[in-house]
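For reference, the structure discussed in these notes is given below.
Just so it is clear, none of the values below were taken in a lab; they were calculated from the coordinates. All figures in this text were calculated on a predicted structure; none of them were measured in a lab. Cβ placement follows ideal geometry from the backbone for every residue including glycine, while neighbour counts extend to all protein chains displayed.
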Amino acid sequence: MLDIKFIRENAEIVKKAVKGRGYDVDIDALIKYDEEYRKNLQELEKLNCQRNVVSKEINKLKKEGKDISKKIEEVKKIPAEIEKIETSVNELKNKIKNIMLVIPNLPDKSVPIGKEPEDNKKVREWGKKPKFKFKPKLHFEVGEDLDILDLVRAAKLAGSGFYVFKGLGARLERALINFMLDFHTKDGWVEIFPPELVNEKTMMGTGNLPKFENDLYKTREGLYLIPTAEVPLTNLHAEEVLSKEELPKHYCAYTPCFRTEAGRHGKETRGIFRLHQFDKVEMVAVCEPENSVEELEGMRARAEKLLELLEIPYRTLILCGGDMGFAAAKTYDIEIYAAASDRYLETSSVSNCVDFQARRMNTKFRDNEGNALVHTLNGSGLALPRLMIAIFENYQQEDGSLKIPKVLVPYMGGIKKITKEK
């Protein structure tokens, strides 16, 4: 959430930025409601002051034995006027809140202008694309031929948008998760195993509600399945005041992620591109404002290093304003190359949300000058399905087997290759 004072003083800048991000929000209506709200608060203060003054005058007249009937009539009218204005104040407060909650974060100055993927800026490319002496198979063909991926039975169990890894395919997924968690925790990141169901307030805190209600799975009890571990990890310190000495906080977590993929039915349905449930290891940082730029670069470097250890070619992009997530001020997307399909696939999105989420969650830190909002950052470290696609397509061998990335061999119990027999 943005600061209402900032919006008030920079309305045109906010309008331009919001429009540039592709959002349609009535900032003029917000400014109007805010003016009325503050005017009503002043009137409310005057009436309360008037009531106090008249009450004191009545007490004085009583002591002096004078007539107080006129003053009584005067003070009787005030509660009704106060009630009327309080009703207006509450209505305006809700109108302001409803608009504030759907205003996206403002892009950092370094973010490219634009709304389309073509407007994103490539800042890094690493690795050599695999070359084959045979026609490579697509990831689902590799998985099905080795009997380590079963999309047919996944559809039987739950419908489209789900997958079943089996045997060494399931072990490979688990190996990746353990490898990535070990990578983060050895550097001091604290591993969390959070709830996979959260309440409405928690979803509000990270900006998933109210804007993206249709993208979320909701239970009968009103809880939501998390779309990413960013949600519970970032909200760990909601409504808290941290000491400066506690910062930065670095968390990582493995969780399944659940998304309805509303409005995206029929897109990339073959294989494991677009899913309702998938696995991911997430990174979240909470820090002082002056350190968030450095934290962003550090988290980006962590995601890139994981891919280098896995020897998977990738490219890193700065997303343009219109392609960023709702809460982000700046985002790096890291895309891995899948050889058989000859395409780049996003496997990590690393974002600095500055104080946007902290204001929604009311998360602050305390120093000698008082309390201030923290900055929050999040990033995939990494998302599994696209990673599995790249491994299946890049590491396939001419004899139909699948070579295991060297760094994962210890996590596979020494297995270096998956064959039809093994």
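Length gained on full extension, ASP367 to THR87, computed as 0.36 nm times the residue gap minus the Cα-Cα distance: 97.0 nm.
Label sites at LEU309 and LYS16, each approximated as a point 7 angstrom past Cα along Cα to Cβ, lie 4.4 nm apart. With q set to 0.11 Å⁻¹, the log10 of I(q)/I(0) for the chain, from the Debye formula over equal scatterers at the Cα positions, is -0.89.
Three semi-axes describe the equivalent ellipsoid of region 32-180; taken as square roots of 5 times the Cα gyration tensor eigenvalues and ordered largest first, they are 74, 23, 14 Å.
A Förster radius of 30 Å combined with the Cβ-Cβ distance from ARG124 to LYS403 puts the calculated FRET efficiency at roughly 0.70. With Cα atoms as the point set, the radius of gyration and Dmax of region 4-100 evaluate to 20.5, 70 Å. Neighbour counts of C-beta atoms inside 10 Å place THR363, THR219, THR206, THR260 in the sequence THR219, THR260, THR363, THR206, starting with the fewest. The convex hull defined by the C-alpha atoms of region 333-408 has an orientation-averaged projected area of 7.6 nm². Computed about its Cα centre, the charge dipole of region 117-418 is approximately 1020 debye, with only Lys, Arg, Asp and Glu carrying charge at their Cβ. Between the listed residues GLY22, GLY321, VAL241, the Cα displaced farthest toward the positive end of the dipole of the chain, a dipole computed from Cβ unit charges relative to the Cα centre, is found at GLY22. The packing ranking of peptides 9-19, 223-233, 55-65, highest mean first, is 223-233, 9-19, 55-65, where packing means the average number of other beta carbon atoms within 10 angstrom of each residue. Pairs of Cα atoms nearer than 8 Å and 6+ residues apart set the relative contact order; for region 4-100 it is 37 percent. Excluding same-chain neighbours fewer than eight residues apart, the aspartates and glutamates reachable from LYS5 by a Cα-Cα span under 17 Å are ASP26, ASP28, ASP34, GLU35, GLU36, ASP355. The charge dipole of region 4-100, taken about the Cα centre with unit charges on the Cβ atoms of Lys, Arg (+1) and Asp, Glu (-1), comes to about 320 debye, rounded to the nearest 20. What FRET efficiency, computed as 1/(1 + (r/R0)^6) with R0 = 35 Å and r the Cβ-Cβ distance, is obtained for ASN214 and LYS186, rounded to the nearest 0.05? Calculated value: 0.35. Computed from backbone phi, the HN-Hα couplings of region 92-108 come to 5, 4, 5, 4, 4, 4, 4, 6, 4, 6, 10, 7, x, 5, 8, x, 5 Hz, rounded to whole numbers (Karplus: 6.51 cos²θ - 1.76 cosθ + 1.60, θ = phi - 60°; Gly and Pro given as x).
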